[in-house]
Amino acid sequence: IPLILFFIIYYNSFNLYPTLTMLDVKRGDSLLLELPLNKGNILIDSGGSDYYDINKNVLTPYLKSRGIKKLDYIILTHGDLDHMGSIINLIDNYKPNRVIFNCGSYEELEETLIKKLDSLNIPYSSCMSELNINNYKLKFLNYKDYYNENDNSSIIYFNINNFKFLLMGD
């Protein structure tokens, strides 16, 4: 029986293939990219709501169900509530190695998050062109600064097992 429990608890650590999960965060977006053998966990957006606690009801339970204790990167496509509103509470339990923002000036939610990141000594960057993680590349195609937060949304392209993904933000 101890061997069975060990297998159930640590099954996700031995995942041989990358997994991309689109989470139901009501309004907005949230995707989780899990790299093989627990070599990287990347959350792209978190969703957000004024009336529903997405972190408590969706994100944290799902991450726990997958055995994820740490997020390597959090990528925020832009600073609107429906894309990043749940991140501030999530960071308390899943401190990432780095948070990546889109190009352009910071919105109010982003500035609040940056204060929290600074207090927790979590590095952040913005306006990236590429992110390489264990031979997986995420390319950021929108690295210009426009005058509208939605136009500044990160556009992310990546290829996993010959499946191509293009995430458009807003």
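The values are calculated or read from the model by the stated rules, or taken from the named source; none is laboratory data. As the structure is a computational prediction, the values presented were derived from the model and not from experiment. Cβ sites come from the backbone with ideal geometry, for glycine too, and all protein chains shown count toward neighbours. Note: areas computed on protein heavy atoms with side chains; ligands, DNA, RNA excluded. Shrake-Rupley method; radii C 1.70, N 1.55, O 1.52, S 1.80 Å.
Considering only segment 59-82, state which residues are in contact with a helix residue (DSSP H, G or I) (Cβ under 9 Å, 6 or more places away or on another chain), in a helix (DSSP H, G or I) and within 24 Å of Asn142 (Cα to Cα).
Leu81, the sole residue that qualifies.
Name the residue that is nearest to Thr77 (Cα to Cα), counting only residues in segment 129-140 that are outside any strand (DSSP E or B) and without any contact (Cβ under 8 Å) to a residue 24 or more places away in the chain. Give the derivation first.
Of all residues in segment 129-140, those outside any strand (DSSP E or B) come to 129, 134-135.
Then keep just the ones that are without any contact (Cβ under 8 Å) to a residue 24 or more places away in the chain; that gives 129, 135.
Numbers: Ser129: 13, Asn135: 22 Å.
Selected residue: Ser129.
In segment 90-109, what residues are buried (at least 18 other Cβ atoms within 10 Å of the Cβ) and not hydrophobic (A, V, I, L, M, F, W, C)? Quick ask: steps written out before the conclusion?
We begin by selecting, within segment 90-109, every residue buried (at least 18 other Cβ atoms within 10 Å of the Cβ); these are 90-91, 94, 96, 99-104, 107, 109.
Tyr94, Pro96, Asn102, Gly104, Glu107, listed by residue number.
Identify, by number, the condition in (1) buried (at least 16 other Cβ atoms within 10 Å of the Cβ); (2) modelled with pLDDT of 90 or more; (3) over 20 Å from Leu20 (Cβ atoms) that Tyr73 doesn't meet.
(3)
Does any residue of segment 45-54 turn out to be out of contact with any Gly (no Cβ under 6 Å at 6 or more places or on another chain) and not in a loop (DSSP other than H, G, I, E, B)? Give the derivation first.
If we filter segment 45-54 for residues that are out of contact with any Gly (no Cβ under 6 Å at 6 or more places or on another chain), which is where we start, we get 45-46, 49-53.
Then keep just the ones that are not in a loop (DSSP other than H, G, I, E, B); that gives none.
No, the conditions are met nowhere in segment 45-54.
Of the conditions (1) surrounded by 17 or more Cβ atoms within 10 Å (Cβ to Cβ); (2) in contact with an Asp or Glu (Cβ under 9 Å, 6 or more places away or on another chain); (3) closer than 22 Å to Leu166 by Cα; (4) at pLDDT 90 or above, Gly28 clears all except one; give me its number.
(4)
Are there any pairs, at least 6 apart or on different chains, whose C-beta atoms fall under 8 Å, with the first in segment 30-54 and basic (Lys, Arg) and the second in a loop (DSSP other than H, G, I, E, B) and open to solvent by 20 Å² or more (accessible area, probe 1.4 Å), and if so, which?
Cβ pairs passing all conditions: Lys39/Asn134.
Out of all the residues in segment 112-128, which are farther than 14 Å from Asn102 by Cα and not in a helix (DSSP H, G or I)?
Step one: of segment 112-128, the residues farther than 14 Å from Asn102 by Cα are 112, 115-123.
Residues satisfying the conditions are Leu120, Asn121, Ile122, Pro123.
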